[in-house]
Amino acid sequence: MPQLCPTQQRALTELRAALAVSPITWLSSERGAGRTTVLRQLCADLDGEFVPLANLVMQMRTANPLALEEMFERLISEALFQYPAVVCDDVDLLQEVVDGCGSYPRTNWLAGTLQNCCDFAEKNGRRIILGVQHPPATIRARGYGVSLQEFTARSEEHTSELQSPCNLVC
């Protein structure tokens, strides 16, 4: 694993603290901020399964295009059966497809899928950690998150910030 910079290390520490409170957590950041590196480190620390969105894309090659949510749920559920934690990165890209496309016929179905996965994780002592730009409402309502602020190699002045359902501004 690559060494984490101080901003990433703070985010990792805060994610661990969030997991002590709730089995449902997220790490939000803009693309390119080092989120995947932090999530991979957390996944390794938890002996979990890392599920990048690329896995969903590969599975969808032979599936019905309208089965995005089912295939996503299948990937997460199968991992939850086998591992104590599942880390899924770039969930916002899937959310943009199913919620952001005016002609997609199953708007908000992803929320139900996430709800089902969260219910299973909570009932079975498992953890779900998502990597997103903006966490879905289903996740914000029942978990805790950390925001990884942008940083540069020369500047480590930005810090991560713990978010809870109580202090989020929607």
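If you go through the stretch 15-27 and keep only what is surrounded by fewer than 23 Cβ atoms within 10 Å (Cβ to Cβ) and of a type outside the set (A, V, I, L, M, F, W, C), you end up with ARG16, SER22, PRO23. Being touching a strand residue (DSSP E or B) at 6+ places or on another chain (Cβ under 9 Å) and either in a helix (DSSP H, G or I) or farther than 21 Å from ARG140 by Cα (or both) is the filter here, so list the residues in the stretch 17-35 that pass it. Answer for the stretch 17-35, where residues must be touching a strand residue (DSSP E or B) at 6+ places or on another chain (Cβ under 9 Å) and either in a helix (DSSP H, G or I) or farther than 21 Å from ARG140 by Cα (or both): ALA17, ALA18, LEU19, VAL21, ARG35. ALA20 meets all of the listed conditions (1) more than 20 Å from GLY125 (Cα to Cα); (2) of a type outside the set (D, E, K, R); (3) out of contact with any Ser or Thr (no Cβ under 9 Å at 6 or more places or on another chain) but one, namely (1). Is it fair to say ARG106 is of a type outside the set (Ser, Thr, Tyr) and either open to solvent by less than 30 Å² (accessible area, probe 1.4 Å) or modelled with pLDDT under 90 (or both)? Considered against the rule, which asks whether it is of a type outside the set (Ser, Thr, Tyr) and either open to solvent by less than 30 Å² (accessible area, probe 1.4 Å) or modelled with pLDDT under 90 (or both), ARG106 comes out as yes. Candidates are the residues of the stretch 116-142 that are charged (D, E, K, R) and touching a helix residue (DSSP H, G or I) at 6+ places or on another chain (Cβ under 7 Å); the one that is modelled with the lowest pLDDT is ARG142. Within the stretch 30-43, the set of residues being within 18 Å of GLN82 (Cα to Cα), out of contact with any helix residue (DSSP H, G or I) (no Cβ under 8 Å at 6 or more places or on another chain) and open to solvent by less than 50 Å² (accessible area, probe 1.4 Å) comprises CYS43 only.
The values are calculated or read from the model by the stated rules, or taken from the named source; none is laboratory data. A quick note: this is a predicted structure, and the numbers were derived from the prediction, not measured. Note that each Cβ is placed from the backbone with ideal geometry, even for glycine, and that neighbours are counted across all protein chains shown. Each accessible area value is taken on the protein alone, full model and side chains, heavy atoms only, with ligands, DNA and RNA left out. Shrake-Rupley method; radii C 1.70, N 1.55, O 1.52, S 1.80 Å.
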